[in-house]
Amino acid sequence: MASTGTKVATGCGIGCLLLVLIVGGVGTCGYFGVRSAIDDAEDMGDTFEVMTERWGDMEDHVPNIDGTISADRMSVFISVREDLVLRSTETIEIVSTLDGDANFIAKTRAGLRLIPALLNFLALRNTILLEQDMSPGEYVYIYNAAYYGLIGIDPGDGPGFQLNGNGHGHGGDNDGFNWQTDVGNRDDGWENEDRERQVGESLNKMIRPMLKNMKRTLADDSTVDPSWLSALDDEIDALAHDYSRRPWEDGLPTPLAASIEPFWGQLEAAYEPYLNALEMATIDESD
């Protein structure tokens, strides 16, 4: 039987995710276990099983072989984003409190609510994806291309604390969700740089197999544009040689950019920086 930690990790919907938050400026160092939140999140494992049965693993997603994203799928993505932001106001408020100039008591109260809120956010995202019939793989593929690739949002965008996925709780116990406070100089910007690196590694791990799926499909299509196939080959090779490289880091191919650009305004309106860090938290399936 799977352990509680395993059920919750898979229930997060994208890989084995354990959140260890290093919160700058709260004022003390220590861990706050929130085991009760795990009990509340048991049903996330069931949701993930439904998603896996419907779509397979995240890496099984095959983007359009012509390099575009269809207008109807872009509309679904935007609908997912709008619904997710609208229904995540509590999570945004908590993260904002921790990131702002609130006093110690307010930050401590927000911190004690943080992990349950994050679990609720992950469960909500899974629910919305199921409701909108969009796989996690397709969602992440479009998120990277639209927000980081076309609009140029910094992958490290987010609050002044970091999220790390390491598969372990305090003391090596992988049944617990913990958050750590650490005093530091937030003006250094270390958390954004570290988050950007983690996002690159995570997206490389997830999207590189999707691009390989495209290449295998293209091999059977005699009508494929040779320049597009060459660009795809080059990107797969670049990702394989640099595991910290984010897919299409040097710029989106023309077909992909052109298919997303008409939705620029709607995408910007549906973006939330505090949720960005949660969306792209480090994925680690090796534990």
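The values are calculated or read from the model by the stated rules, or taken from the named source; none is laboratory data. These figures come from a predicted structure and were not determined experimentally. Don't worry about glycine lacking a Cβ; one is built from the backbone with ideal geometry, like all the others, and counts go over all protein chains shown.
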I'd like to know if region 89-111 contains one or more residues that are without any contact (Cβ under 8 Å) to a residue 24 or more places away in the chain and more than 21 Å from Gly158 (Cα to Cα). yes
Taking only region 252-284 into account, find how many residues are assigned to a loop (DSSP other than H, G, I, E, B), at pLDDT below 95 and small (Gly, Ala, Ser). 1
Scanning region 71-88 residue by residue, those part of a helix (DSSP H, G or I), free of Cβ contacts under 8 Å to residues at least 60 places away in the same chain and either buried (at least 18 other Cβ atoms within 10 Å of the Cβ) or under 18 Å from the mean Cα position of the chain (by Cα) (or both) turn out to be Val76, Ser79, Val80, Asp83, Leu86
Residue check, Pro116 at pLDDT below 90, buried (at least 19 other Cβ atoms within 10 Å of the Cβ), in a helix (DSSP H, G or I) and not hydrophobic (A, V, I, L, M, F, W, C): yes
So which residues in region 140-177 are small (Gly, Ala, Ser), at pLDDT 90 or above and out of contact with any Gly (no Cβ under 9 Å at 6 or more places or on another chain)? Ala145, Ala146, Gly152
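Which one of Ala37, Ala41, Ala110, Ala9 is among the small types (Gly, Ala, Ser) and modelled with pLDDT of 80 or more? Step through it out loud before you land on a result.
Values: Ala37 fails: modelled with pLDDT of 80 or more; Ala41 fails: modelled with pLDDT of 80 or more; Ala9 fails: modelled with pLDDT of 80 or more.
That would be Ala110, the only listed residue that is among the small types (Gly, Ala, Ser) and modelled with pLDDT of 80 or more.
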With respect to Gly25, determine if the residue is at pLDDT below 95, outside any helix (DSSP H, G or I) and under 19 Å from the mean Cα position of the chain (by Cα). no
Only one of Leu112, Leu84 is at negative phi and touching a Lys or Arg at 6+ places or on another chain (Cβ under 9 Å), namely Leu84
Residues that are at pLDDT 85 or above, crowded, with 18+ Cβ neighbours inside 10 Å and out of contact with any Ser or Thr (no Cβ under 9 Å at 6 or more places or on another chain): does region 56-70 have at least one? yes
Arg125: basic (Lys, Arg) and at pLDDT below 85, yes or no? no
Could you please find all residues in region 119-155 being part of a loop (DSSP other than H, G, I, E, B) and either within 13 Å of Met44 (Cβ to Cβ) or in contact (Cβ under 8 Å) with a residue 24 or more places away in the chain (or both)? Asp133, Met134, Ser135, Ile153, Asp154, Pro155
Regarding region 216-238, can at least one residue be identified that is at pLDDT 95 or above, of a type in the set (Gly, Ala, Ser) and either more than 30 Å from Arg87 (Cβ to Cβ) or in a helix (DSSP H, G or I) (or both)? yes
Taking region 102-127, which residues are among the charged types (D, E, K, R) and touching a Phe, Trp or Tyr at 6+ places or on another chain (Cβ under 9 Å)? Arg125
